[in-house]
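For reference, the structure discussed in these notes is given below.
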């Protein structure tokens, strides 16, 4: 397999965790988002959205979008660690938790949005971080904390083994802490994040541990 990756990308961070949990290896090609490698003709031919990650499977199958890739790997590698529970109710809960992060928190604060706010819309860095970034993190994490309190969490977001929800949670908490967000109102999310980081699969995927880290 081949993974198109970038050390600072939250979505690529998810994929590194997922591959580690599953014990799968992938060759990696690094797409430097700040240098706009993602806008090159060569990469747009791989992923027309110009986003990372992209996974190319052994047979040439191309899969984009981190959540779709994780489900694809679950379905095509059933002998590896599953990222979704076996039961329908559990899968629905894990998908909901994952989407609360990947659809409702992360997109509002990704690099493309922050560039627009600081560029064409002319927001200075302090305003962008304090009035935009932290607002959406706080609102999103508040909802997520309530979802985690429904009784389904154990050591991890769903029970006592890592799932796709944890794969999404750890990069989100990492980025929020990097931007100085106060997460003290979300003790369940922080506890689960700390539990995840006890596992090598999560630690080895941290941005600062990647070959392309700057």
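The values are calculated or read from the model by the stated rules, or taken from the named source; none is laboratory data. All of these numbers come straight from a predicted model, not from anything done at the bench. Counting neighbours? That spans all protein chains shown, and the Cβs are built from the backbone with ideal geometry, glycine included.
Going by what's in this entry, would residue 183 be described as under 19 Å from residue 105 (Cα atoms) and under 18 Å from the mean Cα position of the chain (by Cα)? First the steps, then the outcome.
Values: under 19 Å from residue 105 (Cα atoms): yes; under 18 Å from the mean Cα position of the chain (by Cα): yes.
So residue 183 passes the test.
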Enumeration of residues in region 75-84 that are in a loop (DSSP other than H, G, I, E, B) and closer than 18 Å to residue 14 by Cβ | 77, 80, 81, 82, 83, 84
Taking only region 1-36 into account, find how many residues are in a helix (DSSP H, G or I) and modelled with pLDDT under 95.
-> 0
Out of (1) touching a strand residue (DSSP E or B) at 6+ places or on another chain (Cβ under 6 Å); (2) touching a residue at least 40 places away in the same chain (Cβ under 8 Å); (3) part of a helix (DSSP H, G or I), what's the single condition that is false for residue 72?
-> (2)
Residue pairs within 6 Å by beta carbon, gap of at least six or interchain, first lying in region 1-29 and farther than 14 Å from residue 63 by Cα, second at pLDDT below 95 and part of a loop (DSSP other than H, G, I, E, B), listed first then second, are 6/33
For residue 46, all conditions in the list (1) free of Cβ contacts under 8 Å to residues at least 24 places away in the same chain; (2) outside the structural domain of residue 190 (by TED's automatic domain parsing) hold save one; what is the number of the exception?
-> (1)
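Just to be sure I understand, how many residues within region 192-202 are outside any loop (DSSP other than H, G, I, E, B) and free of Cβ contacts under 8 Å to residues at least 12 places away in the same chain?
Here is the first cut: in region 192-202, the residues outside any loop (DSSP other than H, G, I, E, B) are 192-196, 200-202.
Restricting the remaining residues to those that are free of Cβ contacts under 8 Å to residues at least 12 places away in the same chain gives 194.
The qualifying residues number 1.
Working only within region 49-64, note down all residues that are within 18 Å of the chain's Cα centre (by Cα), free of Cβ contacts under 8 Å to residues at least 24 places away in the same chain and not in a strand (DSSP E or B). Even if it seems obvious, please write down each step before you answer.
Step one: of region 49-64, the residues within 18 Å of the chain's Cα centre (by Cα) are 49-55, 63-64.
Next, from what is left, pick out any that are free of Cβ contacts under 8 Å to residues at least 24 places away in the same chain: 49-50, 63-64.
Within region 49-64, 49, 50 qualify.
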Do you know which of the residues in region 177-197 that are under 19 Å from residue 12 (Cα atoms) and modelled with pLDDT of 95 or more is surrounded by the most Cβ atoms within 10 Å (Cβ to Cβ)?
-> 193
